[in-house]
Amino acid sequence: MARFGGLIFGLFALFLAASAEARQTVLLVSIDGFRADYLSRGLTPNLAALAAEGVNAPMRPAFPSLTFPNHYTLVTGLYPDHHGIVENTMSDPSLAHPHFTLSDHDANWDRAWWDEATPLWVTVQRQGGHAATMFWPGSEVDIQGVRPDHWLPYDQGMADSDRVGQVLAWLDLPAAERPSFVTLYFDKVDSAGHHQGPDSAGLNQALGQIDAAIGLLVQGLKQRGIEDKVDLIVVADHGMAALAPERTIYIDDIVSPADIQIVSSSAMMSLSAAPGAEARVEKALFAPQKHMVCRKKQDMPARFHYGTNPRIPPILCLADVGWVITTHDFAAHRHGSNVGTHGFDNQAPEMAALFIARGPDFRPGLKHAPFDNVDVYPLMAKLLGVAPEKNDGNLADVQDMLSR
Ligand code: AMP
Ligand code: ZN
Ligand code: ZN
């Protein structure tokens, strides 16, 4: 009986080894703020080649069209309302680090903010595989007690070519250690979009720089003879819209600043009324406004999939595309103003994000219809051969991208 058990165990181990072998490598690259139509500027030959050899589509970000919410959506398949990273700036008095911002590592490395969802690298590792992250929001965090096998603390100063070199070095690891799921992140295109605008020479220069890094990556895969073993998925988290000083809404022209507590502001302002000021604030903000709509979180239209998470403040004001909501005080003290931003209605064409997928599992030369970024997660889980966590994506929407 013991020998029979040993045999079964041996067969099971063999099966596990074989399925680990069969696992596809998925390399998920994010070019922050790469609007879908930047691809047709003729400035990104390496990305254009990948698009021609694989699948290309405009991808709808999740709402709000911001960096942290959308990066976590891409690796969980959950809307921000369901994964808990509902904004780039959040407030939750019940947590040890109650104020979450992108620059405050103490807060944004606190797993309590992230534990509502399970990112794909955790799932891959729990199911016997390996994962590595060359930056990704959340990748520095011990989410549910697990960090990627390989990861680096976010450093905007790290050269793009070094980021590519690190990814290639991970793919050179011996088979037993090689990650099957790898992420890579570039920030330059987003920064140029904010500081110089989506139609600027600086933006176009950033496109060229990131395209060169993509070229290095593809060349590295070719040199290793693994170009046809890696499913390369290049995405953006959102697009970019041009701003103008005259397209500014001052919330303190509508309500008294003493009557509100602002949690975040830009394309969308999230706020609560000061105790006792609720009726006054609601009367003022819920009246028709020019270039913005304010609503209670529970009154957001269903298509935003946004408003049930306790971390979302009670009132949300959403500006028209190209407008921002601020206060006179904040505007006066801001150092250097943005000429582009995102965070708007996720269905706006300006918010559409890049999606290119090229590799052994993707159909060559397919122009796909627009789809939602929650679908990327079930697609990657299928390629990796892992059982996906419960998610908001729909594999059927993107299944036709696959060649096998
Ligand atoms: P956004 O304000 O939505 O445009 O966010 C973009 C910014 O997020 C970029 O300037 C990046 O430098 C920053 N960022 C990206 N990944 C991380 C990370 N893992 N940790 C901290 N900041 C990050
Ligand atoms: Zn972003
Ligand atoms: Zn940005």
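Say whether the condition of being at negative phi, free of Cβ contacts under 8 Å to residues at least 12 places away in the same chain and hydroxyl-bearing (Ser, Thr, Tyr) is met by at least one residue in region 99-116.
Yes: one or more hits.
When you check residue 345 against the structure, is it of a type in the set (D, E, K, R), open to solvent by 20 Å² or more (accessible area, probe 1.4 Å) and part of a helix (DSSP H, G or I), yes or no? Spell out how you get there, then give the answer.
Working: of a type in the set (D, E, K, R): yes; open to solvent by 20 Å² or more (accessible area, probe 1.4 Å): yes; part of a helix (DSSP H, G or I): no.
No; evaluated as a whole, the condition is false for this residue.
Taking region 179-232 on its own, how many of its residues are surrounded by fewer than 19 Cβ atoms within 10 Å (Cβ to Cβ) and within 25 Å of residue 377 (Cβ to Cβ)?
4
State which residue pairs qualify: first residue within 19 Å of residue 232 (Cβ to Cβ) and touching a residue at least 24 places away in the same chain (Cβ under 8 Å) and inside region 184-196, second residue near ligand 1 (Cβ under 10 Å from one of its atoms) and assigned to a strand (DSSP E or B) in any location, beta carbons under 8 Å apart, and separation of 6 or more residues or different chains.
Close Cβ pairs (under 8 Å, with a partner that is near ligand 1 (Cβ under 10 Å from one of its atoms) and assigned to a strand (DSSP E or B)) amount to 184/30; 185/30; 186/30.
Determine, yes or no, whether residue 321 is touching a helix residue (DSSP H, G or I) at 6+ places or on another chain (Cβ under 6 Å), closer than 16 Å to residue 241 by Cα and at pLDDT 95 or above. Talk me through it step by step, then tell me what you get.
Working: touching a helix residue (DSSP H, G or I) at 6+ places or on another chain (Cβ under 6 Å): yes; closer than 16 Å to residue 241 by Cα: yes; at pLDDT 95 or above: yes.
Criteria met by residue 321.
Quick check on region 55-63. Is at least one of its residues open to solvent by 10 Å² or more (accessible area, probe 1.4 Å), in contact with an Asp or Glu (Cβ under 9 Å, 6 or more places away or on another chain) and modelled with pLDDT of 95 or more? Lay out the reasoning, then the answer.
The initial filter retains those residues of region 55-63 that are open to solvent by 10 Å² or more (accessible area, probe 1.4 Å), namely 56, 58, 60.
Of the ones still in play, those that are also in contact with an Asp or Glu (Cβ under 9 Å, 6 or more places away or on another chain) are 58, 60.
Add one more test, that the residue is modelled with pLDDT of 95 or more, and what stays is 58, 60.
Yes, the conditions are met somewhere in region 55-63.
Residue-by-condition table, conditions (1) of a type in the set (Val, Ile, Thr); (2) crowded, with 18+ Cβ neighbours inside 10 Å; (3) within 15 Å of residue 30 (Cβ to Cβ):
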{"site": "69", "(1), (2), (3)": "no, yes, yes"}
{"site": "79", "(1), (2), (3)": "no, yes, no"}
{"site": "99", "(1), (2), (3)": "no, no, no"}
{"site": "120", "(1), (2), (3)": "no, yes, yes"}
{"site": "123", "(1), (2), (3)": "yes, yes, no"}
{"site": "129", "(1), (2), (3)": "no, yes, no"}
{"site": "136", "(1), (2), (3)": "no, yes, yes"}
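Given the structure, is residue 150 buried (at least 17 other Cβ atoms within 10 Å of the Cβ), under 20 Å from the mean Cα position of the chain (by Cα) and away from ligand 1 (no atom under 14 Å from the Cβ)?
Details: buried (at least 17 other Cβ atoms within 10 Å of the Cβ): yes; under 20 Å from the mean Cα position of the chain (by Cα): yes; away from ligand 1 (no atom under 14 Å from the Cβ): yes.
Yes, satisfied.
Quick one: which residue in 178, 163 is touching a residue at least 60 places away in the same chain (Cβ under 8 Å), of a type outside the set (Asp, Glu) and farther than 19 Å from residue 50 by Cα? Break it down stepwise before answering.
On the way: 163 fails: touching a residue at least 60 places away in the same chain (Cβ under 8 Å).
After ruling out the rest, the residue left standing is 178.
Does residue 280 satisfy the condition of being assigned to a helix (DSSP H, G or I), more than 16 Å from ligand 2 (Cβ to nearest atom) and over 20 Å from residue 260 (Cα atoms)? Give the steps one after another, and end with the answer.
Details: assigned to a helix (DSSP H, G or I): yes; more than 16 Å from ligand 2 (Cβ to nearest atom): yes; over 20 Å from residue 260 (Cα atoms): no.
For residue 280, the condition - assigned to a helix (DSSP H, G or I), more than 16 Å from ligand 2 (Cβ to nearest atom) and over 20 Å from residue 260 (Cα atoms) - is not met.
For region 233-261, which positions are in contact with a Ser or Thr (Cβ under 7 Å, 6 or more places away or on another chain), open to solvent by 10 Å² or more (accessible area, probe 1.4 Å), touching a residue at least 60 places away in the same chain (Cβ under 8 Å) and in a strand (DSSP E or B)?
248, 250
Which of (1) surrounded by fewer than 16 Cβ atoms within 10 Å (Cβ to Cβ); (2) part of a helix (DSSP H, G or I) is the odd one out, the single condition residue 275 does not satisfy?
Exception for residue 275: condition (2).
Please tell me if residue 162 is outside any strand (DSSP E or B), within 16 Å of ligand 2 (Cβ to nearest atom) and among the charged types (D, E, K, R). It would help to see each step written out before you state the result.
Details: outside any strand (DSSP E or B): yes; within 16 Å of ligand 2 (Cβ to nearest atom): no; among the charged types (D, E, K, R): yes.
Here the answer is no, as residue 162 does not meet what is asked.
Which of the residues belonging to region 101-114 are touching a strand residue (DSSP E or B) at 6+ places or on another chain (Cβ under 8 Å) and open to solvent by 50 Å² or more (accessible area, probe 1.4 Å)?
If the condition is that a residue be touching a strand residue (DSSP E or B) at 6+ places or on another chain (Cβ under 8 Å) and open to solvent by 50 Å² or more (accessible area, probe 1.4 Å), then 111 is the only one that fits.
Please determine, by comparing only the residues of region 59-98 that are assigned to a loop (DSSP other than H, G, I, E, B) and touching a Gly at 6+ places or on another chain (Cβ under 7 Å), which one is nearest to ligand 2 (Cβ to nearest atom).
66
The values are calculated or read from the model by the stated rules, or taken from the named source; none is laboratory data. Owing to the predicted nature of the structure, the values given are computational and were not obtained by experimental measurement. Methodologically, a virtual Cβ is constructed for each residue, glycine included, from the backbone with ideal geometry; neighbour enumeration extends over all protein chains shown. SASA here: full protein model, heavy atoms, side chains in, ligands and nucleic acids out. Shrake-Rupley method; radii C 1.70, N 1.55, O 1.52, S 1.80 Å.
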